[in-house]
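Written below as structure tokens is the structure these notes are about.
The values are calculated or read from the model by the stated rules, or taken from the named source; none is laboratory data. Predicted model, so just to flag it, every value in this text is computed and none were measured. FYI the Cβ positions are ideal-geometry reconstructions off the backbone, even for glycines, and counts take in every protein chain you see. With ligands, DNA and RNA removed, areas are computed over all heavy atoms of the protein, side chains included. Shrake-Rupley method; radii C 1.70, N 1.55, O 1.52, S 1.80 Å.
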Amino acid sequence: MTSGNDAVLSSAGASLLLSTARAAGLGRGLSRTLAPWRRRGAVHDPGKVVFDLAVAVALGGDCLADLAVVRAQPELFGTVASDATVSRLLEHLAGDVEAVIAAIRAARAAARERVWRRRDPLPAAGPVIVDLDATLVTAHSDKENATPTFKRGYGFHPLLA
């Protein structure tokens, strides 16, 4: 799928990921806990850079250059640091690995806590209604004696709640 010249299918789930992280306060938490590693005069916030790296990994990236996917869509991801800037920040963070990992874990724990505080608990009494439905998922089958569905296709229908 394309929009203009941009491929959008590869990052279609990123909007939900960003909304979830925003609601959980993860970005703000990373910015706060990684503030001690922000160099004087730095343009990019270390928390945002680390979050952008996490988004790139979530979108299937496996190296620093894969930040290009995130950088290519500033209307969705905002300003993303250059590879050179990210590399310098990672080198700086690597100078105090234990403290940086503790800071990132603290930000993640605070985000999880915020989400758990906002959950809607089940009622103390009364029924809990779970709506079950099935959806047809098409899948080709070369299996012996495979029979088509009522719509003349092959697949299965998992139940969803």
*asked:* I'm trying to understand the selection: among the residues of region 41-70, which are open to solvent by 60 Å² or more (accessible area, probe 1.4 Å), outside any loop (DSSP other than H, G, I, E, B) and free of Cβ contacts under 8 Å to residues at least 12 places away in the same chain?
replied: Val57
*asked:* On the basis of being of a type in the set (Ser, Thr, Tyr), within 27 Å of Trp116 (Cα to Cα) and surrounded by 13 or more Cβ atoms within 10 Å (Cβ to Cβ), does Thr20 make the cut?
replied: no
_Residue ID - surrounded by the fewest Cβ atoms within 10 Å (Cβ to Cβ), chosen from residues in region 30-40 that are in contact with a Gly (Cβ under 8 Å, 6 or more places away or on another chain) and in a helix (DSSP H, G or I)_ = Ala35
*Would you check if there is a residue in region 86-100 being out of contact with any helix residue (DSSP H, G or I) (no Cβ under 9 Å at 6 or more places or on another chain), surrounded by 13 or more Cβ atoms within 10 Å (Cβ to Cβ) and within 26 Å of Arg28 (Cβ to Cβ)?*
yes
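Conditions (1) over 30 Å from Trp37 (Cα atoms); (2) open to solvent by less than 60 Å² (accessible area, probe 1.4 Å); (3) hydrophobic (A, V, I, L, M, F, W, C), marked per residue:
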residue	(1), (2), (3)
Glu113	no, no, no
Arg117	no, no, no
Ala124	yes, no, yes
Ile129	yes, no, yes
Arg152	yes, no, no
His157	yes, no, no
Ala161	yes, no, yes
